[in-house]
1. Once you place label points 7 Å from the Cα toward the Cβ at Ser119 and Leu338, how far apart are they in nm?
2. Provide Val243, Val89, Val328 in ascending order of the number of other Cβ atoms located within 10 Å of each residue's Cβ, fewest first.
3. What is the sum of charges, Lys and Arg at +1 and Asp and Glu at -1, for the other residues whose Cβ falls under 15 Å from the Cβ of Asp48?
4. Using the Cα atoms as the points, what is the convex hull volume per residue of the range 134-242 in Å³?
5. Where nothing but the Cβ of Lys and Arg (+1) and of Asp and Glu (-1) is charged, how large is the charge dipole of the range 262-348 around its Cα centre, in debye to the nearest 20?
6. What is the chain's relative contact order, in percent, from Cα pairs under 8 angstrom and six or more apart in sequence?
7. If I model a spin label as a point 7 Å beyond the Cα along the Cα-Cβ vector, how far apart are those points for Ala190 and Leu240 in nm?
8. How far apart, in nm, are the 7 Å Cα→Cβ label points at Val329 and Met270?
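Coordinate-derived values only; no laboratory data. All figures in this text were calculated on a predicted structure; none of them were measured in a lab. So basically every Cβ, Gly included, is an ideal-geometry build from the backbone, and we count neighbours across all protein chains shown.
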Amino acid sequence: DGDLGVQAKLNSPNSLALDGNGNLFVLDTFNNAIRVMKLAGNVANAPDFSLNVTPVSQNIQVGGSASFNIGFNSLNGFNSAVSLSTVLVPTNSGVSLNLSTATVNNGQMATLTVNVSSSVSPGVFSITVTGQASGMARQEMIRLVVEPKPRGDFVLVARPSVQSVALGAATSFTISTQAINDFNGLISLAATVDPPNSNLRLTFSQSGINVGSNSTLTVNAATNAMLGDFNVIVIGVTTLPFVIIQSQTVKVSVVQTLRPPKLTPIADQMVKPGESATINVAVMDPTNQTGLTLSLGNAPGYVSLTDNGNGNGVIRIAPPMSAQSGIVVVRATNAGGLTDQIMFNVAVSGSLMITNASFTKPTLTILGLGFGTSGAIVRVNGLDVTNTISSQTDTKIDLKGSKKKFALKKGQNTVTVTVGSVTSNTATFNF
């Protein structure tokens, strides 16, 4: 009561309170008073830590794995290393727990990897993560849900999707499979025609296939087969470890006689270096417009073709500054494998190109682009025959002379045209 206390004994304190200044308040009900004691030194919370686990719950399929990050939060200046351990409840030999490190320091993380074998039954497990340091132990719980693995399945793939066949002829499709969820069983194949056509015979090169292999479905049309479009339904069946039935439908057009497609001609093109031009490509197929494909048979590297399907496409011409003129060959192929092709010339401004050369005594005619109207140099089989030029335009040069003057030889001969420092392609003609 005013004096400095050096020893205190509390028989029955009803209440204790401590303020931020180190004053301890004691309710002394026996004496009906509140006693105040000044605590010497600093008042501070003890160092501590808490575990930090992310995520705290995961779902994992049988035969799969999952990972969790484990660290700790330092409290009140805690700076010791924390030892980690894990316990699975209920225990299961098919579930393994692997820590990347058994000890972590402040700011570090450990990775807990959980592997679930294919023999584990689906269910819910708890993983207790314990951290120990400085005589303290802290725990966090992880919820692990083991789910059954999705059932394996497959998809049938048929290429192409459309074919045409003439009476008395045959066509074919390639049948393969794509696995879903690691399916690896044997698939038995069958096929049927809708609407029914008994004069279409369906055969497989392989009656059963595995994932990664394929079978050829051949469709033979008898000479008396019904004309028209038919759906061929390909069926795949597997029975192990359970029954799965999948199907894929392709289209067959039975026609009297297969006819080739017809490409619309494309005019010769003149393009400046560094610029570009686009040309629409169109093709008609009297048999089946659906199965058409477009391609380039031959073309300079600066020419490309985009096939948009169903007989439509776009050609892009984009010559660089150093490009030379060239010839473009466009090819169309229908579902029956018949083709048509067209050619056109691409002239790059400032370059020369010979498109055709022919000799009809006594005239050698050279057709092309970029010749100019005068000053061309013509060489036949390497011999300069410029002095025989009788007329010259930008697209045609005529030369008058004999076999001897042109140094012609039996069979194939060559010709080039040079204007300034630019020389054309080497063209050939027969004599």
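1. Here the answer is 6.5 nm between the modelled labels.
2. Working: Val243 8, Val89 11, Val328 22.
Ranked by crowding around the Cβ, least crowded first: Val243, Val89, Val328.
3. On the way: positive: Arg138; negative: Glu140.
Its environment carries a net charge of 0.
4. Values: hull volume 16.8 nm³, N = 109.
Looking at the range 134-242, the number lands at 154 Å³ per residue.
5. Numbers: 4 positive and 5 negative charges, 16 e Å.
The calculated dipole for the range 262-348 is roughly 80 debye.
6. 8
7. 2.0
8. Going from the Val329 label point to the Met270 one covers 2.7 nm.
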